[in-house]
Amino acid sequence: MNSKTTKQEIKIVKIKSNVSSQYIQPFRVFYIQNDKEKKWDFVKTHDSVACLLYHTQKDAFLLVKQFRPPVYLHGKCDGFTYEMCAGILDKNKSLEQTMKEEILEECGYDVALENIEKITSFYTGVGFAGSRQMLYFTVIDESMKMQEGGGVEGEEIELFFLSRSEVRNFMYDENKAKTPGVLFAIFWFFENKLDLFKKITSPL
């Protein structure tokens, strides 16, 4: 496993409640289920896309590592999470076009639209958000590298190459905060793509 790691100092300045946000809206729904009146608090948020990137020359998955304040405030780790390249659906663009742009912005690789393969979709945060994420897979190599990546507007995303030989240790390492989506995607790769890439050796 390797990444371009830089030491980052985190300092929480303040926490405010009941703020207006372009990303989430809090609601309370009242409903009747089996003749019983109930209520539920939830947030409305954007659907999203995510993609598992497999680098053929490095024989590794390319993940993104970034600071997530909610994880940090939960108090169980340093707040840095390991995720797939992803983005919210807040523009009038196709799912694949959004995914292509996120891969370029976050990771620096220019992938052809036709090579972005859909895996499936699922719902995240079902107890408080219920947003939908569309999951994709694509293959990259250094010929597609156009820029350094790292995201836009101060996202400070780090690139993290997870060697295929280190996958098992990574998946069960509870000291590395990771999303269920990335675990599922890696399982999917070994179920569906391993035979295509198992003979690849790493020249880099």
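The values are calculated or read from the model by the stated rules, or taken from the named source; none is laboratory data. None of the values given here were measured: they were computed from a predicted structure. In this analysis, Cβ positions are derived from the backbone assuming ideal geometry, glycine residues included, and neighbour counts consider all displayed protein chains.
Taken as a whole, segment 11-29 holds at least one residue that is modelled with pLDDT under 95, surrounded by 10 or more Cβ atoms within 10 Å (Cβ to Cβ) and under 22 Å from residue 82 (Cβ atoms).
When you go through 79, 75 one by one, which is the residue that is in contact (Cβ under 8 Å) with a residue 12 or more places away in the chain and of a type in the set (Gly, Ala, Ser)? Outline the logic, then answer.
Details: 75 fails: in contact (Cβ under 8 Å) with a residue 12 or more places away in the chain.
79 is the lone residue from the list that is in contact (Cβ under 8 Å) with a residue 12 or more places away in the chain and of a type in the set (Gly, Ala, Ser).
Taking residue 13 as the residue in question, decide whether it is over 16 Å from the mean Cα position of the chain (by Cα), among the hydrophobic types (A, V, I, L, M, F, W, C) and in a loop (DSSP other than H, G, I, E, B). So residue 13 passes the test. For segment 104-131, a residue qualifies if it is more than 18 Å from residue 47 (Cβ to Cβ) and in contact with a Phe, Trp or Tyr (Cβ under 9 Å, 6 or more places away or on another chain), and exactly one does: 117.
Of 195, 173, which residue is exposed (fewer than 15 other Cβ atoms within 10 Å of the Cβ) and at pLDDT 95 or above? None of the others qualify; the one that does is 173.
Scan segment 7-33 for residues that are closer than 16 Å to residue 79 by Cβ and free of Cβ contacts under 8 Å to residues at least 40 places away in the same chain and the total you get is 4. Among the residues of segment 69-91, those that are part of a loop (DSSP other than H, G, I, E, B) and surrounded by 12 or more Cβ atoms within 10 Å (Cβ to Cβ) comprise 77, 78, 79, 84, 89, 90.
Each residue in segment 82-112 was checked for being of a type in the set (Gly, Ala, Ser) and free of Cβ contacts under 8 Å to residues at least 24 places away in the same chain, and 2 pass.
If you take the residues in segment 35-68 that are within 13 Å of the chain's Cα centre (by Cα) and part of a loop (DSSP other than H, G, I, E, B), which one is modelled with the lowest pLDDT? My answer is 68.
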